[in-house]
1. State yes or no: is Arg141 closer than 30 Å to Arg264 by Cβ, out of contact with any Lys or Arg (no Cβ under 6 Å at 6 or more places or on another chain), of a type in the set (D, E, K, R) and not in a helix (DSSP H, G or I)?
2. So is Gly98 surrounded by 13 or more Cβ atoms within 10 Å (Cβ to Cβ), part of a helix (DSSP H, G or I) and in contact (Cβ under 8 Å) with a residue 40 or more places away in the chain or not?
3. If the requirement is being closer than 23 Å to Asp270 by Cα, in a strand (DSSP E or B), in contact (Cβ under 8 Å) with a residue 24 or more places away in the chain and open to solvent by less than 50 Å² (accessible area, probe 1.4 Å), which of these qualifies: Ile203, Ile227?
4. Taking the range 147-168 only, how many residues are open to solvent by less than 70 Å² (accessible area, probe 1.4 Å) and either touching a Phe, Trp or Tyr at 6+ places or on another chain (Cβ under 9 Å) or over 28 Å from Ala104 (Cβ atoms) (or both)?
5. Just one of Lys283, Lys262 is over 22 Å from the mean Cα position of the chain (by Cα) and open to solvent by 50 Å² or more (accessible area, probe 1.4 Å); which is it?
6. Kindly indicate the residue of the range 2-39 that is more than 23 Å from the chain's Cα centre (by Cα) and among the charged types (D, E, K, R) and also modelled with the lowest pLDDT among those meeting that condition.
7. Any chance you could count how many residues in the range 169-187 are closer than 27 Å to Ile277 by Cβ and surrounded by fewer than 20 Cβ atoms within 10 Å (Cβ to Cβ)?
8. Under the condition of being loosely packed, with under 12 Cβ neighbours inside 10 Å and closer than 30 Å to Phe115 by Cα, which residue from the range 41-91 is modelled with the lowest pLDDT?
Amino acid sequence: MSVNLKLMHTFSRVAQLRSFSRAAEELGRTPSAISMQIAELEGQIGLKLLERTTRNVTPTPDGANLLERVQDSIRRMEEGIVETRDAAERRRGRVVFGCAPTVAASTLASVLTEFRSSFPKVSLHIREVTSNGLLAAVRNREIDFGITPFVQSRSDLKFKRMLREPLVALASNDHFHDLPDTLSLNQLTQLPLLVMQGMPVIIQNKGQETPMLLTEYLESGDRQLNIACSVRQAATLVDLAASGLGIGIVPRLAIPKDMSRKIRTLRLEDPLVVRDIGIATLKTEVLSEPALALANMFQARLTGNPPA
């Protein structure tokens, strides 16, 4: 029998997550496409592999038996890929990494200059993508590691925090000159806001920390928001804030050093909103010497401390 590895992988994720929709989200497919793949696999094998209800998906006895063997095969294949790639990378002297745009804008040039002086023969390949795309690239072994905001715990990923930075508000002096130096959540919801799409943040309130997206935080408590504009890039948001279109909410790292004096930076409190920046790798990944050195250089640049 010819084995379709894609169908086996899809079956493994559905069986482990116990959900077609969650597997579809992880694999970047629609639930109907995932369902069709499972039906195709069951048809090829001639066995029912999953029991479906309106609330849950569970493997049948045959499905559980197959899942155990598929997981073992995937694990051995991943180990083989890691060993093969590591050997090849050591021969070639090549580092592939991803960097979130807000981090890249403030640190990338200086870090790469330092790296080039220490590893002049190592080839560098950079992906400047948003957090979700970067984590997917790590998971698919398209990059060695990613410098990214923390999104949420993932069973197959490891996140090492390098920097915790606060979010701040940007206000045009010409249009919002009467605002206080510190804004609360209630005050924000009464203003036209400029936000970055899909920005992960951490809410610190009464000794507790809650990871969520910025828009989820702003909408907490059924508040009505006035979103004047949502953008993907921090640089665009800074320009819009300078124009007076609204109050921009950005990480401190995203504030350009040459920002116009027409813009004022305001603190956000009650509660405090922060963002963690760190290095994301697969739990099974062992970074090469150049890749590890590059990650340490990012940490030193972000924290202001030399690497240990």
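The values are calculated or read from the model by the stated rules, or taken from the named source; none is laboratory data. In this text, all values refer to a predicted model and were calculated from it rather than measured experimentally. Reconstructed Cβ throughout: ideal geometry from the backbone, glycine too, with neighbour counts over all protein chains shown. Quick note on the areas: whole protein, heavy atoms, side chains included, nothing else; ligands and nucleic acids left out. Shrake-Rupley method; radii C 1.70, N 1.55, O 1.52, S 1.80 Å.
1. Numbers: closer than 30 Å to Arg264 by Cβ: no; out of contact with any Lys or Arg (no Cβ under 6 Å at 6 or more places or on another chain): yes; of a type in the set (D, E, K, R): yes; not in a helix (DSSP H, G or I): yes.
Judged against the criteria, Arg141 is not a match.
2. Values: surrounded by 13 or more Cβ atoms within 10 Å (Cβ to Cβ): yes; part of a helix (DSSP H, G or I): no; in contact (Cβ under 8 Å) with a residue 40 or more places away in the chain: yes.
No: the conditions fail for Gly98.
3. Numbers: Ile227 fails: open to solvent by less than 50 Å² (accessible area, probe 1.4 Å).
So the residue among Ile203, Ile227 that is closer than 23 Å to Asp270 by Cα, in a strand (DSSP E or B), in contact (Cβ under 8 Å) with a residue 24 or more places away in the chain and open to solvent by less than 50 Å² (accessible area, probe 1.4 Å) is Ile203.
4. Going through the range 147-168, the residues open to solvent by less than 70 Å² (accessible area, probe 1.4 Å) turn out to be 147-151, 154, 156-157, 159, 162-163, 165-168.
The next check asks that each one be either touching a Phe, Trp or Tyr at 6+ places or on another chain (Cβ under 9 Å) or over 28 Å from Ala104 (Cβ atoms) (or both); those that pass are 147-148, 150-151, 159, 162.
Adding up the residues that qualify gives 6.
5. Values: Lys283 fails: over 22 Å from the mean Cα position of the chain (by Cα).
Sole residue among the options that is over 22 Å from the mean Cα position of the chain (by Cα) and open to solvent by 50 Å² or more (accessible area, probe 1.4 Å): Lys262.
6. So, considering only residues that are more than 23 Å from the chain's Cα centre (by Cα) and among the charged types (D, E, K, R), the one modelled with the lowest pLDDT is Lys6.
7. Matching residues across the range 169-187 total 5.
8. Taking the candidates together, the pick is Arg91.
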